[in-house]
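All remarks here apply to the structure that follows.
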2 protein chains.
Amino acid sequence: MSYTAEIISVGTELLLGNVANTDARDISQELSELGINVYFHTVVGDNPDRLTSAVNIAKNRADIIITTGGLGPTCDDLTKQTLAGCIGRKLAFHELEAEAIRDYFARHLHSTEITDNVFQQALLPENCTVLRNMCGTAPGCAFEQDGVHVIMLPGPPRECLSMFRNCAVPYLRQFANAEIRSHNIHIFGMGESAVEDKLRQMMLELENPTLAPYAKDGECRLRVTAKAETAEKAEELMLPVLDKVKAVLGDVIYSVDIDTLEETVLGLLRERGKTLASAESCTGGLLAKRITDISGASAVFLGGAVTYCNSVKTKLTDVPEKLIDEKTAVCAEVAACMARGIRTKLGADYGVGITGIAGPLSDDSGAEVGLVYAAVSNAEGEFVRTLHLGSDRTRIRTAAANHALDMIRRGLTGLDLKAEAIVV
Amino acid sequence: MSYTAEIISVGTELLLGNVANTDARDISQELSELGINVYFHTVVGDNPDRLTSAVNIAKNRADIIITTGGLGPTCDDLTKQTLAGCIGRKLAFHELEAEAIRDYFARHLHSTEITDNVFQQALLPENCTVLRNMCGTAPGCAFEQDGVHVIMLPGPPRECLSMFRNCAVPYLRQFANAEIRSHNIHIFGMGESAVEDKLRQMMLELENPTLAPYAKDGECRLRVTAKAETAEKAEELMLPVLDKVKAVLGDVIYSVDIDTLEETVLGLLRERGKTLASAESCTGGLLAKRITDISGASAVFLGGAVTYCNSVKTKLTDVPEKLIDEKTAVCAEVAACMARGIRTKLGADYGVGITGIAGPLSDDSGAEVGLVYAAVSNAEGEFVRTLHLGSDRTRIRTAAANHALDMIRRGLTGLDLKAEAIVV
């Protein structure tokens, strides 16, 4: 038998849009690893009637109800009382938990003055498994009533996830009848519909593992997911699918399970002992920022220049003033000079140069918004991609950086750069 | 009459915990501004039966059903077909939308080869209001059937929010029975509990407008919200509250309704006709990236250097090698030299220098992770803040850039920089 869980998140702040429901995301991720299905998330406010109706609906479609939020000391924290009412379980004062709360105040808040409402948190369902809160005062609980398992967790994300991992997962292991594993295939240079077009038959036919495309951060990805008795068997089931997808899509796949192009490129630079320097105009530091988001980047990334105005292109990356005067700052030659200039100046193996119009307005030259030249310079010379990236500033900048990273990836792995060699 | 909306987000990736449901958050925020109540969010997978059951439940408890996701070209995009089935409205091929899709491909993707599945997106409910997608190909729609209003939006957050704001909000105005207006007060340099402490009495007493603190992107903000018959009346109600908050909090308020420190700083630079250049070590381009996220930055931001490794600090910002040898790269003097070096080299009015340990590991010097020096250089000299920013890499980098921006803001408005003058 396969178990189904539903997550009910309680909190008016979620319905007002003040915060995103990251608790449901984090718990779902963990449940998926346990092989427990999640078919619904429900968000409801701090309102007993609506929470009751949500619980009554969930009782009929899930084996396990997991609530987040509403366990705290204030008067709008109503989850326990409400659940107790509609699941049919009394609340009782847990002296041990009151002691733990006192202890928490003394150790973490260095205080022994505790307002009475704090002890409301020690009121928990009778005969439940108490889930201890290591990051706060509100304990959670788990119990079974009339065939429905209920787990209540606090709302603050850190408390919720820590309690889930440390206390709820051991409790839930009794329901984990299968291992679910998945791999994410990351693609650059082919859109979702083209990918689907090439793989449609396979996607339709596969049942276990499944193969599904999804778009994230402007990229197309494929998720392969298998369910089996053991993790090893799940992996075994996925292998032929991964191989087939690789054979069909080829070198537009930049990684399996490495989340970003920049991580992939950093890994390759490290493996091959190469260094990188960047010169960015329209991306304005975005590429360097993305690379240095990753800890350990300093081993291979030397630094770079943000050559936002034209004189800085000359000052920091030795682009000849004359070239800019003659051809404007947005041309393949300037991109190539920027890449070579920063590579030479910083003594790197790879140099990147990006120049273009991120919009929303064009520059004096009247060049098209979205026109970007991305260049890579290495020992073999300078190579430039001419790009037309639409009209959205954020998207243009992200895509320009992606293309530059893709060229470096291709350069480092001996693939066709898909760029024009430029002599300057 | 007050209208109630329910948001149904469709996507297995949400139930697997791959992404958080930011669409529901963003839409809820906008609905709250319109005075439309949201009592439930539901998340359901790409499964027609379960989506049908979710819609049937929502029909009975909401006047407006807003779906996100499942409008794309792939075979698991089933929202339109399923909703059409359970709401009782046929789908029809919209030739105009097919044309718009062709046009989008030609303009943004420079492609006229379009796979057939793409045109599935032009299949929309009969006689619906089409909501045009400015950031992608999948159009949305809005229609009324048997007293229930349905709005379907695409899932990718950028497309969803843009369509909601530009197309769905005008459609929804018919249900907005009061004008709700709000202002956001942005604070840097005072935490949420300190802010709350100073304003507690006021927050408790106020009913219309309300005053509520919230944390976002590591910053504390205050939202003032008023409800009235007209927008003008709502604004009038808020004025004395805004004045009072400004009087209590003083110069830690960096803006009202300008969302970020970088936008605030760019505005000030523009107003005062001053230019800026940056030199970043541990932030690795993040500051430049944030500044150039804003269109029009080129008028005041000249460019900068990402001086990630020590030799680059010397090469691009003229930090004396000897200084680094003697005092390491993470010290107030190096930050000051970087700020002055880049200012002088690029001929800017303001220079920024940031050096520190973003972690998770320290450098060879063994300096504490989270130790950062942020410097500003202007005609009056060099000024440095010494910062201890905790242990989280992303947080350290964001906070370091924030402090640098706050110093420039203070410099430009004649406030105390809250920094030490450094002579190098």
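Each value in this text was obtained by applying a stated rule to the coordinates, not by laboratory testing. Every value quoted in this text rests on a predicted model; they were computed, and no experiment measured them. Here the Cβ positions follow ideal geometry from the backbone for every residue, glycine too, while neighbour counts run over all protein chains shown.
Start at zero, step by 10 Å, and the Cα-Cα distances of segment A:53-128 spread as 17, 43, 27, 11, 2 percent across the bins. On the principal axes of its alpha-carbon atoms, segment A:179-256 has extents of 36, 23, 19 Å, going from largest to smallest. Less than 5 angstrom separates the built amide H of B:Ser255 from those of B:His186, all sequence-distant by 5 or more or on a different chain. Annotation: amide H-H contacts under 5 Å for A:Ile422 (H modelled 1.01 Å from N, sequence separation of 5 or more, or interchain): A:Glu382, A:Phe383, A:Val384. Compute the orientation-averaged projected area for the protein assembly as shown from the convex hull of its Cα atoms and round it to one decimal in nm². Mean shadow area of the hull around the Cα atoms is 36.2 nm². The label-point distance for A:Glu99 and B:Asn166, in a model that sets each label 7 Å from Cα toward Cβ, rounds to 6.3 nm. Shape analysis of segment B:244-355 based on the Cα gyration tensor places the equivalent ellipsoid semi-axes at 29, 16, 12 Å, largest first. I need the Debye-formula profile for segment A:363-424: one equal scatterer per C-alpha, no solvent, reported as log10 I(q)/I(0) at q = 0.12, 0.24, 0.26 1/Å, two decimals. Relative scattering, expressed as log10 I(q)/I(0), comes to -0.32, -0.98, -1.07. Please compute the contact order of chain B in relative form: average sequence separation of alpha-carbon pairs under 8 Å and at least six residues apart, divided by the residue count, as a percent. Relative contact order for chain B comes out at 10 percent. Among residues other than A:Glu99 with Cβ under 14 Å from its Cβ, the summed charge is 0 (Lys and Arg +1, Asp and Glu -1).
Highest mobility in the GNM of chain A, judged by mean-square fluctuation with C-alpha springs under 10 Å and restricted to A:Ile57, A:Ile151, A:Ile354, is found for A:Ile57.
Restricting segment A:94-146 to GluC sites (Glu not before Pro) that sit in a DSSP loop and have at most 16 other Cβ atoms within 10 Å of their own Cβ leaves A:Glu113, A:Glu126.
Sorting B:Ile357, A:Ile253 on the 10 Å Cβ count, fewest up front, what's the list? All intermediate terms of the calculation are to be shown ahead of the outcome.
Values: B:Ile357 23, A:Ile253 18.
Sorted ascending by nearby Cβ count, the order is A:Ile253, B:Ile357.
Among B:Thr344, A:Thr74, a tally of other beta-carbon atoms within 10 Å of each Cβ gives an order, fewest to most, of A:Thr74, B:Thr344.
Applying a DSSP loop filter and a limit of 10 other Cβ atoms within 10 Å to the GluC sites (Glu not before Pro) in segment A:379-423 leaves A:Glu380. Loop only per DSSP, at most 15 neighbouring Cβ atoms within 10 Å: give me the trypsin sites (Lys or Arg not before Pro) in segment A:272-324, ordered by residue number. Qualifying residues, ordered by number: none.
Each label was represented as a point 7 Å from its Cα along the Cα-to-Cβ direction; for B:Asp416 and B:Glu232 these points are 4.3 nm apart. What value, in deg cm²/dmol to 500, does the helix sum -39500 (n - 2.57) over DSSP H runs of n ≥ 4 give at 222 nm once divided by the residues of chain B? So the helix-based figure for chain B works out to -12000 deg cm²/dmol. Annotation for B:Glu326 and A:His388: the two label points, set 7 Å from Cα along the Cα-Cβ direction, are 5.8 nm apart. For A:Leu123, nonlocal amide neighbours, meaning residues 5 or more places apart or on other chains whose placed amide H falls under 5 Å from its own, are A:His94. So, counting K/R as plus one and D/E as minus one, what does the shell of residues with Cβ under 14 Å around A:Gly189 add up to? Around A:Gly189, the surrounding residues sum to +1. Within chain B, B:Cys75, B:Cys86, B:Cys135, B:Cys160, B:Cys167, B:Cys220, B:Cys282, B:Cys309, B:Cys331, B:Cys337 have no other Cys Cβ under 4.7 Å of their Cβ and so lack a disulfide-compatible partner by this rule. Fraction of C-alpha pairs exceeding 36 angstrom in chain A: 47 percent, rounded to a whole number.
Once the Cα gyration tensor of segment A:4-175 is diagonalised, what are the square roots of 5 times its eigenvalues, in whole Å and ordered largest first, as equivalent ellipsoid semi-axes?
Ellipsoid semi-axes (Å, largest first): 24, 17, 17.
Pair-distance distribution of segment B:261-422: all C-alpha pairs, bin width 10 Å, starting at 0; shares per bin in whole percent are 12, 46, 34, 7, 0. For the pair B:Val423 and B:Arg223, a Förster radius of 56 Å applied to the C-beta separation gives a FRET efficiency near 0.80, rounded to the nearest 0.05.
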